[in-house]
1. What about residue 77, is it touching a helix residue (DSSP H, G or I) at 6+ places or on another chain (Cβ under 6 Å), in a helix (DSSP H, G or I), within 22 Å of residue 169 (Cα to Cα) and open to solvent by less than 50 Å² (accessible area, probe 1.4 Å)?
2. Would you check which residues across region 34-63 are assigned to a loop (DSSP other than H, G, I, E, B), under 19 Å from residue 103 (Cβ atoms) and touching a Pro at 6+ places or on another chain (Cβ under 9 Å) and list them?
3. Select from region 127-166 the residues that are within 28 Å of residue 110 (Cα to Cα) and polar (S, T, N, Q) and write down the one among them that is most open to solvent (accessible area, probe 1.4 Å).
Amino acid sequence: FGDVLRARAAAHPDRLAVVDGGNRWTYGDLLARAEAAAGGYGALGLEPGDRVIVQIPNIAAFFPAVFGLFLAGLIPVYALPAHRQTELIHFATRSAAKAIVIAGRHEGFDYRSLAQLVRAEAPGIAHVIVIGKAGEDIAFDSLRPGPALPPVDHSSVAFLQISGGSTGLSKLIPRTHDDY
């Protein structure tokens, strides 16, 4: 997926890629933001293959956050904005997640408080990365480009998708880059 963004940015750097309210990012802008995120994830000590829970609503920052994970060879574990402590602890422990990327507040809900509750129950989560006001956590906008990013094997797991969870807690389904 990271290579797809790189190719789009190379072919159409000035073409509009993301529009969300006042955010209007070209493919070049999006790639720069994603590379900054990827470098920042690496600077935190996250390594290719590590899992990172992503609980971000439908906002522009979802794209650089997730493409940054792909570029760094990290594996997003997608959580819905409506998921709460039980589901997130389940995802964190089942996936052995090392970090969580969240929106600080969205539609009146404070995801930072939720992330701290999850972190207390899933001590493998070393980092909480926050889009918006981070408080004592890591501000997503503070992530910066780092050394060269590792190549990503297209047959490797790209992300962990959640099942519907109709008979209990959701299962995590590995999906590869090649699947798409």
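1. On the way: touching a helix residue (DSSP H, G or I) at 6+ places or on another chain (Cβ under 6 Å): yes; in a helix (DSSP H, G or I): no; within 22 Å of residue 169 (Cα to Cα): yes; open to solvent by less than 50 Å² (accessible area, probe 1.4 Å): yes.
Taking the combined requirement at face value, the residue does not satisfy it.
2. In the first step, residues of region 34-63 are kept if they are assigned to a loop (DSSP other than H, G, I, E, B); the result is 44-50, 56-61.
Checking which are under 19 Å from residue 103 (Cβ atoms) leaves us with 44, 56-61.
Matches in region 34-63: 56, 57, 58.
3. 166
The values are calculated or read from the model by the stated rules, or taken from the named source; none is laboratory data. Bear in mind that the values here come from a model prediction, so they are computed numbers and not experimental data. In this analysis, Cβ positions are derived from the backbone assuming ideal geometry, glycine residues included, and neighbour counts consider all displayed protein chains. Just so you know, the surface numbers come from the protein's heavy atoms only, side chains and all, with ligands and any DNA or RNA stripped out. Shrake-Rupley method; radii C 1.70, N 1.55, O 1.52, S 1.80 Å.
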